[in-house]
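Taken together, the values in this text are just the output of simple stated rules run on the coordinates, not laboratory data. Everything numeric in this text was worked out from a predicted model, so none of it was measured. Using ideal geometry, Cβ is built from the backbone for each residue, glycine included, and neighbour counts are taken over all protein chains shown.
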Amino acid sequence: MTTLPPIQPRPILCKTPTTNNSQSSSSSSVFLIHSSSTQPSNVINTNFYSTNNDQTNNNNNNNTSQILPPPSSMPSTPLSSYEEFVKRLREFHRCRQTTFRYLPTIAGQVVDLQALYTTVVGHGGWDKVNDRQLWSIVANNFGIDSTCLNGTQALKNIYIRYLYAFEKISNGESIDSRDDDDEDAKRRNVSHLQRVPQSYNQTQHIVSDSLRAQYGLFRDFVNRNEYEKIELALLCGFPNELTFTLNTLLLLSSTTNNSITFQLYKCPRLLDILLRHIGLFLSNDPTIHDHYLKSLYDNIWSKHINYQMEQFWIEYCSSDILKQLLNIEKKSNLKSSLYNNFNLNSNENQQQQELRIEQILMIIRNFSFDRSNAIYLLDTIRPSSSITYIFLLLISYCEKKIELQKYAYDIWTNLASYMHLRSVGNDEGHFIRQLL
């Protein structure tokens, strides 16, 4: 019988620390860092419920561990001058118990606090910059000119909020020791200058009706309806407002729900304002001076964005129509025009202007399918001096623009059901009878 030697106990090595033990390891003053050395570890495992397989895997994969000092004693990357300044500033505000949650911004750009502090101190500090009104010079160093509304005031508020106390205390002054005899000053832990809000308060401009009645303020505000808002959007003359309003009118005019039908008689100036956007003005029209669209058309659109609608009518309408409707003499020796052909994509401005004409024509066409709007349109075009009447005739005789002519014919077709040709005068109905 063979006698076996007694089993010798194997040493228990330290297991690899897992995520479950991360909290206990982080609180210790030493950190375990695995190394490739073959020397056994002196750290004893206290987990006596580990299996042999776990111990074997630990022996194969993580043989030993090395005790090193904490990373605070290891060399780190030096901070830049700006980072060091922001770090000192944050520590300063933390000691004073003032908030410093994020870096300030102007127009979405982060303000360099170190550069702001250096610039103000270079001009003599806060007091001298204020006394000499040098904030515009400080703002120019940051690329903020007069086009940035309240840019200097924003820089001043940022300096008060973040750097004023830092400057005073750095110079050996104490901003909290003023008015020591005042009881309120003794109870005040934070200077009033540090209480500048970090965001703009919009609600400060809202005054309730009760306060208005108490202080005798004006309360009879005019509530604009939807029709007036559309007119005002067209009168402002902004291209983006015009585009949005035309798209809205296209949507409202094409609706089939009778409950929300757009009524033209509730917005009597709409058609005239729309047609003035395509250059149709009458010399004897007294309402031109009311909305200044004539001045806007002549001084801005015509000069700066090449908005010349008169050339469109000269290019595509006959000389007889131009003479009788617009009182324009068409020159026979006109060699070239600003308008060549819409399909040739000759000019982006020309395409945009013709698109405006097509949009307005489609709006009037959609309105003509409704009975009440058709009757209103018919009453509008009865006088020969009506801009709507002139516009429809110009498009109807615009033979080179068949797609626009089709829209005009649809309008005349819808209006024919309510039209009495006998009641139309010879001068007014001459072109209409010629079309028929």
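Descriptive notes on the structure:
- Residues E310 and T105, FRET efficiency given R0 of 45 Å [Cβ-Cβ distance, rounded to 0.05]: 0.40
- With 26 Å as the limit on Cα-Cα distance, the pairs of K294/K400; K229/K294; K229/K406 that go past it are K294/K400; K229/K406.
- Cut-off under 5 Å, modelled amide H: who pairs with I106 long-range: V111
- Model label sites at R371 and Q202, defined 7 Å from Cα along the beta-carbon direction, differ in position by 4.6 nm.
- FRET efficiency, Y265 to F238 (Cβ-Cβ, R0 25 Å, nearest 0.05): 0.40
- Exposure proxy ranking, count of Cβ atoms within 10 Å, fewest first, for Y407, Y418: Y418, Y407
- Multiplying the residue separation of Q405 and L149 by 0.36 nm and subtracting their alpha-carbon distance yields 87.3 nm.
- Between R132 and R212, the contour length at 0.36 nm per residue exceeds the Cα-Cα span by 24.8 nm.
- Footprinting exposure proxy ranking of D379, D127, fewest other C-beta atoms within 10 angstrom first, gives D127, D379.
- The slack in the chain from S174 to Q352, taken as 0.36 nm per residue of separation less the alpha-carbon distance, amounts to 57.6 nm.
- At an R0 of 25 angstrom, the distance between the Cβ atoms of L250 and I300 translates into a FRET efficiency of 0.50.
- Order of T77, T380 - criterion: other Cβ atoms within 10 Å of each residue's Cβ, fewest first: T77, T380
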